[in-house]
Structures are given as structure tokens and as C-alpha cells.
Amino acid sequence: MLNYAIKRLGLAVVIVSVAMTLLFSMIYLIPGDPASVALGPRATPEMVAALRARMGLDQPVWVQFWNFYSGAWTGDLGIEVLSNRPVLTVVMEQLPFTLALIAGGITWSVALGIPLGCMAAVRRGSFADRLVGVLSVAVIAVPSFVVAIYALLIFAVALQWLPAIGAGEPGDLGDQLTHLILPSLAVGLGWVGYIARMVRASMLEVLEASHIRTARAFGLPERQITYRYALSIAILPTVTLLGIGIGQMLSSAVFAEIVFARPGIGKLVYDAILTRNYPLVTGAVLVTTVLFVVINVIADLIIGALDPRVRSGF
Amino acid sequence: MSEAVSEPPAEVGTFRRTMRRLLREPLGVFGLSLVILVVGAAVFADLLASAEPSRISPRDRFLPPSADHLMGTDQLGRDLFARVLHGGRIALLVAVGSTVVSLLIGIVLGLIAGYGPRWLDNILILVFDALKSFPTVMLALALVTLFGPSLTAVVVVVILVNVPGYARIIRTQTIALKSSEYVTAAQSMGASPARILRVHVLPNVVGPIVILASMDIPVVIAIEAGMSFLGLGVRPPTPSWGAILNDGFANIRESAWIVIAGGVPIILTTLGFTFLGETLRDVFDPRLKGRG
């Protein structure tokens, strides 16, 4: 297991390096000079030259690459030009909003997905089972940004039950949670489908197991068998599925943040692209990628710990 | 499906049998009807909608749905029904086109990784894993800074998202076939690697990957619509469902019919292709069941 963990972590470091190289070459290839773009058309040549020097753009390519590369590993992602603050600080300020959104998405998907999958497995073949099956496929298929816009249209604009924009008053937890309901539904709805399918499949397997048969033979109530003895085991694969899910929810979170005008990493990158604030784009994309890689490594390590076949196949 | 039609006569029996089994599944029938509806609407867009999709008419701004404008008009007075039908063309062309291109690239790279030298395999796998490590939307946003908003950017994003997965599947299957007896026999008779891959490996690995790729079509449609919604994909005035959503989103409080016109086609199309794909997969190849 240790061997597998070291290999997996090593691969993650290599992957992040390759990703960093791709990012750097992408930014380097952008037509136009980031300094003059950031300063706008009215900047004097002296101002551009000064900013170029401060951003390190006057150095040879390989020095620039080394600065970017070595800086990134120590958390130095450069200076954000507009506010003159470190990129990492700006990105880290927005990260909690995105993480809260993803946590909300997980809450929705677990709170709806596990009971639905459980019910479908217990009433296998019934109309309810088929309905859950069709709905699961449907919510997986519909893009999250369409869910976000329609949730906003129905619950915020037409019914006016919930707020439409922002993240709520700072310090007012209740207000912040109300602002979280709709965006996190958009992030988590597709995963209700994945989790319901997963729980149903593993519940069907577990319900056939001998310890369940024994519990039935002892005459335990069906409800207790289902929830206490079957679900507690059947839920394990879902945990690892969520590991992969968190990474993908990052993508949906970008849309949810833009639709609901919430602060967060996605909104940050989107606005940075519109204002051509390239150091911020690279920094935020890099932080998200590292987060994504780390979450996937953790998920892989959990799967590896549970299933020895994964380890040997590496 | 078109590839089934172009198959040799011996296969027609299997095609008929598949169709008959598909038509027994209510969900398959539902998916197939939606797909036919969407494809038909896109193909006959010019006949079905008399209005010009990009013609601006300032006097007709923000008209709600009526007999003249079945889905109403947008902030520039353009007929939404025409824009939705023509937007379907863009969505389907981008989806099918970029899926075919990623399939071709994926197959070639997968065959090279699986059959070629070990070091090349290792490099390719590393690049695939690195590409997969970017969250899709972040990858799209980063690429748009490079290319600028365009259809090209959408196609490149789709290729970068799809190719690693396809190539990996082809690679695994190629490695499994590499040591099979008939490939060893062909090698000993002096067949070149290109001939072995083309004649002996490719026909055996291509079937499942085509089914998997066709199941990705709704995902690709979502990528195009999503990027166009953010203003990073198809450029105005070209009609696109995502762009219509973007127009409508800006006016969601006063003119809700615009977001409805932009979003409902996306929902119907993704549902149609997904239901059809799920049913076809179960009918064609039960081994693939449970993927995803």
C-alpha cells in the first residue's frame, strides 16, 4: 500500500508539473504583451516598461519559466496587477466561497441520492424503482448551468422564495445559507443521479449477502435490516464516488457562481479573463488544478486501500 | 443511426434486430423520438422558420410568444423560433464534428500507445493524465485566453476533454490483442506494424469506442452551449442555444420566454441522446452496462 501511495503521489507531482508547463506556455503564447494589456491603451511606454520589469517580462523565456515554476511550488504565484496584491492571497480569499458551494452540492446529492437509491433497491422492479432510474439518468444528462438558470427563474424570479444573487450578509449565517440553497442545488443535482444509481446497485448486492439473510432469519424488523445492516455497508462505494464528484463539481460551481453572481474561484477567473488579468487567470487555474489533483489522489488512495486489485494494476 | 445504414448487407439482420429491441423499450422510443425531432428541426430549419435568424428588427424587441413569433423575440427583435432551430444546426454540427475528430485522434494515439515502444506509451499516458487533471471548465477558460472566444476554442476544448479517455480505452484493448495468437501469427509472417494495426487490431477495438463516443454527444452539446452562454464560444450574431440563454439571462426578470427558448432545446436534446444512448448500449453490448 505504501509503495502504491508513493507512486500515486509521485505521479500527481509530475502531472502538476506538466500542467504548469502547459499553463506557462499558454500564457506565453498569448498574442500581445500582458503588461500593456493590463495598463490599457493610454499607458505611456515608460509605464509599460516599468510594469514589464516588475512582472519579470523583460527576462529571457527560460528565466521567466524558472521563476514561474519555482515560485509556484513555494506558493508565490506573482503579483496581481490591478490591486497590487499577491495572486495567491486573492485566490485564497475566494476559495472558501467555492468550497462552501461544493459542500452544499454534496449535501443535496447525498440527502436526495441515498434515500432514493435505497428505496429503489428495496422496491426493486416497482414503478418507483423505474421512476428513480429514469430520473437519475435525466438529472445526470441536463447541464448544470441550465439547472442553475431555471432554478433562478422558478424559485427566485417567479416564486420569489429565495434570493437570486450574492452570497448573503457576511457574519449572518442564516442569510448565507439561504443564499446557498439554489446555487448548490444546481451544483449537486446531477450527482443525485450518480449517487442514487450507485447506492441502488450496491444495496442490491448487499441485500443478497448472507449476514442479511441471517438477520432476516432472526426475525429483525425489515426497516432495521435495511438501514442498519445493509445501507451502512452499501454506502462505502458512494464515499469514493464522491471523491471524483468533488472535482467535477468544481466545473459546475463556476457556472453557479456566474449565474447567481456569487463570489468564488469561478467568478474570479471569469472576471479576470474579461479584464485580461492574466497572472490572476494562471494563478486561479493552477490552484484549482492542484485542488482537483489532490482530491483525485485522496479518492484513489481510499479506493486503493479498499480494493487491493487497484494497487497491483498500477 | 447512419453508420448502421452504411454497413454491408450481412449486417442488416443485426441492425433490424437491434431496432426491434430498441423499439420495445419505452425509454429508447422516447429518446429516439426526441433525437429525430431535434435533428429534423435542425435539418429543415429554413422550411420550418420563415424568419431570418439574425435579422435585427428594433420595432419588434421583447415581443412575447405569439402566432407571428412562436417563441417571441429577443432584445434585438430577432425571431427566437428561427434562432432556436438554426442554433440546433450549430449544436449538432459541433457535437458530431468534434466527436468524430476526437475519436480519430483518440484511436490513432491509443493504437500508438498500445502497440508502440514502451517509452512512448509512458509519455502519452502522462500527457493524458495531465490533461484530465484540469477541471473541464477551467481548461476551457484557460484556452479561451489563448484562442479568444470562437468555435475553434470550443472544438479544441472538446478534443482535449475527450481524447485522453478514448485513447486510454483503445490502448488497453490494443495491449490485450497484442499478445493474441493471430497477431503473433501475422507478425511471424512478416506483416508490418501498420498492417497489423489496420487489419487485425482496429476492427476489433473500434466497435465499443464508437458506442461510448456517441454517448458523449450530449456532453459535447453541453460544453458548446455552456461556453457560448459564458460568451466564450460561438460569436454573435451566429445563433446558438447558449448565446440565446445568455441574451435571456440578462433580461430574465422581464422577458422569461427568452431563457425558456434557449434552455428547453438543450434539455430535450441532452435527454434524447442520453436515453437513446443508454438503451442502445444495453441492447448492443451488455458488457458496457454500469459504466459511469
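The values are calculated or read from the model by the stated rules, or taken from the named source; none is laboratory data. What you see is a predicted model, and the numbers here were worked out from it, not measured in a lab. Positions of Cβ are backbone-derived with ideal geometry, glycine not excepted, and every protein chain shown enters the neighbour counts. Note: areas computed on protein heavy atoms with side chains; ligands, DNA, RNA excluded. Shrake-Rupley method; radii C 1.70, N 1.55, O 1.52, S 1.80 Å.
Brief remarks on what is shown
- Tally of residues being over 17 Å from the mean Cα position of the chain (by Cα) and of a type in the set (Val, Ile, Thr) across segment B:76-129: 6
- Test result for residue B:198, more than 14 Å from every other protein chain (Cβ to nearest Cβ), in contact with a Ser or Thr (Cβ under 9 Å, 6 or more places away or on another chain) and surrounded by fewer than 15 Cβ atoms within 10 Å (Cβ to Cβ): no
- Only one of B:88, B:72 that is over 16 Å from residue B:269 (Cβ atoms) and surrounded by 15 or more Cβ atoms within 10 Å (Cβ to Cβ): B:72
- Listing of helices (runs of 4 or more DSSP H) fully contained in segment A:199-295 that carry 3 or more residues being in contact (Cβ under 8 Å) with a residue 40 or more places away in the chain and crowded, with 21+ Cβ neighbours inside 10 Å: A:236-259, A:265-274
- The one condition in (1) in contact (Cβ under 8 Å) with a residue 24 or more places away in the chain; (2) of a type outside the set (A, V, I, L, M); (3) open to solvent by 50 Å² or more (accessible area, probe 1.4 Å) that residue B:122 fails to fulfil: (1)
- Taking the criterion of being farther than 15 Å from residue B:277 by Cβ and in contact with a helix residue (DSSP H, G or I) (Cβ under 8 Å, 6 or more places away or on another chain), the residues of segment B:22-42 that qualify are B:23, B:37, B:41, B:42.
- Residue check: residue A:83 meets all listed conditions (1) over 19 Å from residue A:265 (Cβ atoms); (2) assigned to a loop (DSSP other than H, G, I, E, B); (3) free of Cβ contacts under 8 Å to residues at least 12 places away in the same chain but one, namely (1).
- Subset of segment B:125-138 [part of a helix (DSSP H, G or I), within 19 Å of residue A:250 (Cβ to Cβ) and open to solvent by less than 10 Å² (accessible area, probe 1.4 Å)]: B:130, B:138
- Candidates A:154, A:140, A:149 - the one that is open to solvent by 20 Å² or more (accessible area, probe 1.4 Å), within 12 Å of chain B (Cβ to nearest Cβ) and in contact with a helix residue (DSSP H, G or I) (Cβ under 6 Å, 6 or more places away or on another chain): A:140
- Residue identified as open to solvent by 40 Å² or more (accessible area, probe 1.4 Å), more than 19 Å from residue B:163 (Cβ to Cβ) and at the interface with chain A (Cβ under 10 Å from one of its Cβ atoms) among B:249, B:229: B:249
- Condition check for residue B:158 on (1) outside any helix (DSSP H, G or I); (2) within 22 Å of the chain's Cα centre (by Cα); (3) crowded, with 20+ Cβ neighbours inside 10 Å: one failure, at (1).
- From A:71, A:40, A:10, A:78, residue being out of contact with any helix residue (DSSP H, G or I) (no Cβ under 6 Å at 6 or more places or on another chain), over 30 Å from residue A:233 (Cβ atoms) and surrounded by 14 or more Cβ atoms within 10 Å (Cβ to Cβ): A:71
- Residue satisfying condition, being modelled with pLDDT of 80 or more, of a type in the set (Val, Ile, Thr) and either open to solvent by less than 50 Å² (accessible area, probe 1.4 Å) or out of contact with any strand residue (DSSP E or B) (no Cβ under 9 Å at 6 or more places or on another chain) (or both), within set B:43, B:12, B:5: B:43
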